[in-house]
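In what follows, a structure is listed as structure tokens, so that the remarks can point back to it.
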Amino acid sequence: MKTPPKLTSSIFGGNGASSRLTEAFVARWLAKPGERTAAQQTAVNASDTLTDELRRADVLVLGLPMYNFGVPSTLKAYFDYIGRAGETFRYTENTNTSRLVA
């Protein structure tokens, strides 16, 4: 999204403090919408690598133990890295479900 939706409701219109703050935020946001910190870029690079690996795979084999009736935190972290809206899954018209992207 290049431009964020902006809602203002000050009775002072554009002269209200909240309106001026909103305008300043949007201007600053638009000045750097694609910038990432080094840590963020590292996370995106790791996600790209894992996502590419998953796309190239014919089959995904999971070998994992159950700890305290749940899966290991490393598997949860893996799902966090590969779960990317519009890339590895897509929201559907039913907000309670999503579909994997082929």
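The values are calculated or read from the model by the stated rules, or taken from the named source; none is laboratory data. The model shown is predicted, which means the values in this text are computed figures rather than measured ones. Reconstructed Cβ throughout: ideal geometry from the backbone, glycine too, with neighbour counts over all protein chains shown.
Worth a mention:
- Conditions (1) within 30 Å of PRO4 (Cα to Cα); (2) among the acidic types (Asp, Glu); (3) modelled with pLDDT of 90 or more: number failed by GLU35: (3)
- Conditions (1) surrounded by 12 or more Cβ atoms within 10 Å (Cβ to Cβ); (2) in contact with a Leu (Cβ under 8 Å, 6 or more places away or on another chain): number failed by LEU60: (1)
- Selection within the stretch 17-44 - surrounded by 10 or more Cβ atoms within 10 Å (Cβ to Cβ) and either closer than 21 Å to GLU87 by Cα or touching a helix residue (DSSP H, G or I) at 6+ places or on another chain (Cβ under 9 Å) (or both): SER19, ARG20, GLU23, PRO33, ARG36, GLN40, GLN41, THR42, ALA43, VAL44
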